[in-house]
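A.B. asks: Have a look at this one before I ask anything.
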């Protein structure tokens, strides 16, 4: 029988017009220290983006989020931050920002499989939120 381990996650939000503070969920960042796992999953709905703002470039947003994936994987192409310790990378990704792409406060839970947990949270808070 597998033991459950703790994990932390934050929801990635897109805030097309920061001054209005309106947002919609576009992804999830999940970290489990004991399982040595850090993952980022995202999807930006073009139609929803257009409903909020026609001024934002979907390709630029996706490029920015892909850099978050590289950082989470520790890829050298992710820059200096990708070389940080796993927990430090999570803290950087989940840090509070006042930009178009923001993270929620962190939440915690227990899981046997962080990768499946990431998918489950993504489906519930991003895909089902559509």
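A.B. asks: Taking a ≥ b ≥ c as the square roots of the Cα gyration tensor eigenvalues, with a/c under 1.5 meaning rounded and otherwise prolate when a/b beats b/c, else oblate, which class fits the stretch 5-127?
C.D. replies: Here the stretch 5-127 falls in the prolate category.
A.B. asks: Report, in degrees rounded to the nearest 10, the 0 to 90 angle that the Cα long axis of helix 58-73 makes with the longest principal axis of the chain.
C.D. replies: Computed tilt is about 10 degrees.
A.B. asks: Return a whole-number percent for the relative contact order of the chain, with Cα pairs under 8 Å and 6 or more residues apart as the contact set.
C.D. replies: For the chain, the relative contact order is 36 percent.
A.B. asks: Counting each DSSP H run of 4 or more residues in the chain as -39500 (n - 2.57), what helix-only mean residue ellipticity at 222 nm follows after dividing by all residues, to the nearest 500 deg cm²/dmol?
C.D. replies: Mean residue ellipticity, 222 nm, calculated: -9000 deg cm²/dmol.
Read the figures in this text as sums done on the coordinates, not as results from a lab. Remember, it's a predicted structure, so these values are computed and weren't measured experimentally.
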